[in-house]
Amino acid sequence: MSEAAGSRVTNGGAQQVDVAVVGAGFAGLYLLHRLRKAGFTTIALEEADDVGGTWYWNRYPGARCDIQTIDYTYTFDPELEREWKWSEKYATQPEILRYLGFVADRYDLRPDIRFNTKVTAANWDEATERWLLETDSGATVSCRYYIMATGCLSAPKPPEIDGVKDFSGEVYFTGRWPHQGVELAGKRVAVIGTGSSGIQSIPLIAEQAAQLTVFQRTPNFALPAHNGPVSADRLALLEGDRASYREQARWSLAGVPLPQQTVVSWQLSEAERRARFEQAWAKGDLVYILTQLWADQAVDVDGNARLADLVREKIREIVKDPETAAALTPHDHPFGAKRPCLDTNYYATYNRPNVTLVNLRQEPIKAITASGITTDSRSFDVDVIVFATGFDAMTGAIMAVHPITGRGGKSLSGVWAHGPETYLGLTVSGFPNLFMITGPGSPSVLSNMAVSIEQHVDWVVDRLAALREAGFSTIEATETAQAGWARHMADCSMLTLHRLANTWYTGANVPGKAQGVMPYTGGVGPYRSICSEVVSRGMLGFRLTGPNGAEQCNDGEIVRLQPDVRLVLNMLAEMNLPPIESMGAEGARAFVAEFNKGRPAGRPVGEIVDGTLQGADGPLPYRLYRPATPGPHPIVVYFHGGGWLLGDEQSDEPFCRDMCRRTGMIFVSVGYRHAPDHRFPAAAEDGYAAAGWIADHAAELRGKPGPVMVAGWSAGGNIAAVTCQLARDRGGPQISGQLLLCPVTDCTFDRSSYTDNATGYFLTRALMYWFWDLYCSPADRTDPRVSPLRGRLEGLPPAFVVTCEFDPLRDEGVAYAEALAANGVPVEHLKARGHFHSSFVMVDVVITGVSGRVRMAQALRQFAGLPPQSEEVRLGRITSPHAIAAE
Ligand code: N01
């Protein structure tokens, strides 16, 4: 141990450094290197007697990484990459530990690490604006910035089983395995826990022990690692263009350079799905199987079940005893929602005569006794108990290890009593100059940790250097920013299935721990872009202060859009499209047709029929979507969007299919006439005529005779609203309800949503001007047949109105919902937070739109007098309707 270069020891004895780091694992080592290069005096405090972090402690038999090692490696220095060659596809713990030692030596980091030193308290001193750290050796450290590089899985969970102290044999924890190894030959061994640590160690323990008894509470999914040499094609990719390989990883979803899948499971035949699965199974790559089979495997329970079933088949094929196979087969969580494992001979191990599986769901452990383990029905005498029972993950190492006291004497454990709250997973409001690497709220454990760690460290060190440059001495997240991040995290967690499993990701593995998805589920690339945006928007969400009262606070939320909406809008922005209104009507139609070709077509319905109906001035095409369930079904007359100019009866097909499936009703999408050839009131009159024709021909269409419902999006919402008014005034048809999705309701452009969302959200103010100009002359614009808000609103059918926060049409939709309600019309209004004009029609693209469509479907069923279809919610396929409900 030596003192950090340039650090000082004051009279009080505290060592003075610019930055103190806790931990000398992957994150701590890179931090030290970067901080030093940036000219900060620094010291790392490490509890162990050497570097390595998680790879120092987890020395159990079979411990390896489960991300291919050529990806699970530092990438900051091409020289380092040239100097170190990994020997296997998945390196063993000893090799990874050697690598970290090599890195520490290569950059001469050890002199700045104080080993065998545990931080016992960290207190923010308001007066000096410094953190004071106490350690178990009695030495203290005073630092301007305090960075926790303590890892996500470094605080082992207590056994939570009575009687451990009574056991007369040997007890080991996988997360604290003795350095000298453990002699298991000829012994009767019990392993409790079948997470990654259990699954990696069980096959090797079985080879050594006389008898192995595995106590399993929850079966986990495991896949063969097929370990061996680094795969030649992957290596060729890396060595062909190292820089772009690494860059692709940095912008990917999981931190491994694999593309995003676009094909969804139901677009593939069963044979195609099986072929993809077999290929993935043979690859032995967790990230591959988690991301590359089909696009809906991680976001939709049906798409996920198709994969999970194939894994279950494999388990049944490998394990000979059907009862043991059944016990090993997971059924209580979607594949990937709990961390799946990579194994070597795990399932086959249960075919060995010396291995017994005890299913704790059937016979829970009652106690540990002097001689072994007693369950509800049996006793097992053993010589050794191995606890592979996991960790107090993500928050354990930060919160439980030592008290951290921030501004105003607030303790971090108090502030996080109901769950961790952070900004970007890197900082916490009320704790100035404190940073976490891979903290809760960062992609961390859902990503290739090496990639996330480098990104976090680079971002933090670059910020510290920038603060120094600008003369600031403190940085602190604002409460607004932190609350916004929590909301964004919650929105992201609706995108994946992690919320549907009880795991350490959600805190469910530790009794009494607050529950919620802790890692950021929005992906590595999006997270990286958000962190960059925080900087480019003037350190949005941070308060910076400096000497002589210098202060800068750019308060606000970094992401207010739904995460998938943000991705869609970023993608559109990158396409740098010309404004649609500059394309001319024909050009715009061709563009929309081309654009629509690239989207998922929508899931199958019972039947799709094209036909012709009678419009206001001649025949019009329609497309009918019929549910697969027995009819006759109620009918919804649907009007597509497109500014009275674009689209046709097929252009909202994914939405119509989805709603047909969700409602169990017929959707008839009408090809009404378009501007500029057919200006106002052609579309409105066609809409009305079509509704009448469909109502009159309900039986012929094999629908339920009686009232119909109307629905429409955007200009189609306008036509639906107008149709209701005309039907009331002209004596029919009978309409039992109206679904108005982002409707045009009025001809003025002065509501604030027109200004707030004038550009940047696909539907622009300029585009709306163009639509209006082509459809309707100024003199006609106040006619209720185009501005229904100006019409008489009493006596209209009940309405479900959807408005989206980032839509120029938002406020006129809000005004219509309010005006309907004021006129005694029953109205339900969904104010979709973080959504844009096209959110709900981008089916299978904007996944966060699902819960909104569930509510729309429920409303339509209510209009038709049908009971709610709650199956969607029950299956977890659909998020809670409240997820995007009005605020
Ligand atoms: O811990 P875990 P882990 N009685 O929490 C069971 C990473 N990792 O150390 O599911 C009986 O996953 C518990 O049962 P249940 C990786 O990210 C990576 O294995 O709570 N059983 C579960 O079966 C991994 O996900 C590698 O019902 C009890 C097991 O113990 C994470 O670390 C290798 C129990 C704990 O599984 C954690 O893995 C190893 C009790 N009282 C780890 N308490 C690589 O390959 C808990 N269990 C890189």
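The values are calculated or read from the model by the stated rules, or taken from the named source; none is laboratory data. Being a predicted model, the structure only gives us computed values, none of them experimental. Please note: Cβ atoms are built from the backbone with ideal geometry, for glycine as well, and neighbour counts cover all protein chains shown. Please note that ligands, DNA and RNA were not included when accessible areas were found on the heavy atoms of the full protein model with its side chains. Shrake-Rupley method; radii C 1.70, N 1.55, O 1.52, S 1.80 Å.
Within the P(r) computed for region 765-814, what percentage of the Cα pairs occupies the region above 13 Å?
Summing the P(r) tail past 13 Å for region 765-814 gives 69 percent.
Could you tally the net charge around L495, taking each other residue with its Cβ under 13 Å from the Cβ of L495, Lys/Arg +1 and Asp/Glu -1?
-3
Sort 810-821, 131-142, 734-745 by the packing proxy (mean of other Cβ within 10 Å over each peptide's residues), most packed first.
By packing density, highest mean first, the sequence is 734-745, 810-821, 131-142.
Amide H neighbours of T140 under 5 Å, counting only residues 5+ apart in sequence or on other chains, H built in-plane at 1.01 Å?
Under 5 Å from the amide H of T140 lie the amide H atoms of Q15, each far enough along the sequence or on another chain.
When the Karplus curve 6.51 cos²θ - 1.76 cosθ + 1.60 is applied with θ = phi - 60°, which whole-Hz ³J(HN,Hα) does each residue of region 326-331 get, with x for Gly and Pro?
Karplus-based 3J(HN,Hα) across region 326-331 equals 5, 5, 7, 8, x, 10 Hz.
If you split all Cα-Cα distances of region 668-729 into 5 Å bins from zero, what percentages do you get per bin, shortest first?
4, 19, 29, 24, 16, 6, 2, 0
Can you pull a Stokes-Einstein diffusion coefficient for region 511-622 at 25 °C (0.890 mPa s), Rh from Kirkwood over Cα pairs, as a whole number of µm²/s?
122 µm²/s
Determine the per residue accessible area of the chain with all protein chains present and a 1.4 angstrom probe, expressed in square angstrom.
I get 37 Å² per residue for the chain.
Separation between the A766 and S377 pseudo-spin-labels, each 7 Å from Cα along Cα→Cβ, expressed in nm?
It is 7.3 nm.
With all protein chains present, how much of the accessible area of the chain (probe radius 1.4 Å) comes from carbon and sulfur, to the nearest whole percent?
Carbon and sulfur together cover 51 percent of it.
What is the calculated FRET efficiency for A699 to E317, with r their C-beta to C-beta distance and R₀ = 45 Å, to the nearest 0.05?
It comes out at approximately 0.30.
Rounded to two decimal places and with Rh computed the Kirkwood way over Cα pairs, what is Rg over Rh for region 407-488?
Computed over Cα atoms, the ratio is 0.98.
How long are the semi-axes of the ellipsoid equivalent to region 14-101, from square roots of 5 times the Cα gyration tensor eigenvalues, in whole Å, largest first?
The answer is 26, 17, 8 Å, longest axis first.
At R0 = 30 Å, how high is the FRET efficiency between A275 and E363 if r is their beta carbon distance? Nearest 0.05 is fine.
That gives a FRET efficiency of 0.15.
Distance in nm between label sites at N570 and A815, each 7 Å beyond Cα in the beta-carbon direction?
The two pseudo-label positions are separated by 3.5 nm.
Mean projection of the alpha-carbon convex hull of the chain over all orientations, in nm²?
39.9 nm²
Give the long-range amide H neighbours of A367: residues separated by 5 or more places, or on another chain, with amide H under 5 Å away, using H modelled in the peptide plane at 1.01 Å from N.
T374
Quick check: convex hull over the Cα atoms of region 120-207, volume per residue in Å³, rounded to an integer?
Once divided by residue count, the hull of region 120-207 is 171 Å³.
Given a cut-off of under 8 Å on Cα pairs at least six residues apart, what relative contact order in percent is computed for region 500-544?
Relative contact order of region 500-544: 20 percent.
Return a whole-number percent for the relative contact order of the chain, with Cα pairs under 8 Å and 6 or more residues apart as the contact set.
Across the chain, relative contact order equals 10 percent.
Calculate, in nm to one decimal, what K118 and E533 gain on full extension: separation in residues at 0.36 nm each, minus their alpha carbon distance.
Result: 145.8 nm gained on full extension.
Return a whole-number percent for the relative contact order of region 350-467, with Cα pairs under 8 Å and 6 or more residues apart as the contact set.
With pairs under 8 Å counted, the relative contact order is 12 percent.
What list of ³J(HN,Hα) values in whole Hz, one per residue of region 49-58 in order, does the Karplus curve 6.51 cos²θ - 1.76 cosθ + 1.60 (θ = phi - 60°) give from phi, with Gly and Pro shown as x?
Couplings: 9, 7, 6, x, x, 4, 7, 7, 8, 8 Hz.
Mind computing the radius of gyration and Dmax over the alpha-carbon atoms of region 286-405? Å is fine for both.
That works out to 18.4, 55 Å for Rg and Dmax.
Find, to one decimal place in angstroms, the Kirkwood hydrodynamic radius of region 352-411, where the mean of 1/r is taken over every pair of different Cα atoms and then inverted.
Roughly 15.3 Å, rounded to one decimal.
Can you classify region 631-702 as rounded, prolate or oblate using the Cα gyration tensor, where a ≥ b ≥ c are the square roots of its eigenvalues, rounded means a/c under 1.5, and otherwise it's prolate if a/b beats b/c and oblate if not?
It comes out oblate by the Cα gyration axes.
Would you grab the residues whose amide H sits under 5 Å from the one on R130? Only those 5+ places off in sequence or on another chain, please, with H modelled 1.01 Å from N.
Amide H to amide H, under 5 Å and 5 or more residues apart or across chains, R130 pairs with D125.
Can you tell me the Rg and the Dmax, both Å, for the Cα atoms in region 484-556?
Both quantities, over Cα of region 484-556: 16.5, 51 Å.
Whole number please: convex hull volume per residue, Cα atoms of region 719-806, in Å³.
Dividing the Cα hull volume of region 719-806 by its residues yields 104 Å³.
Quick test of the membrane-span-like rule: which DSSP H helices of the chain reach at least 24 Å along their long axis (C-alpha atoms) with mean Kyte hydropathy at least -1.0?
Answer set is 301-318, 449-470.
Multiplying the sequence separation of E479 and D166 by 0.36 nm and subtracting their Cα-Cα distance, what value in nm do you get?
Length gained between E479 and D166: 107.9 nm.
I'd like the antiparallel share, as a percent to the nearest 5, of DSSP beta bridges with both residues in the chain.
In the chain, DSSP labels about 40 percent of beta bridges as antiparallel.
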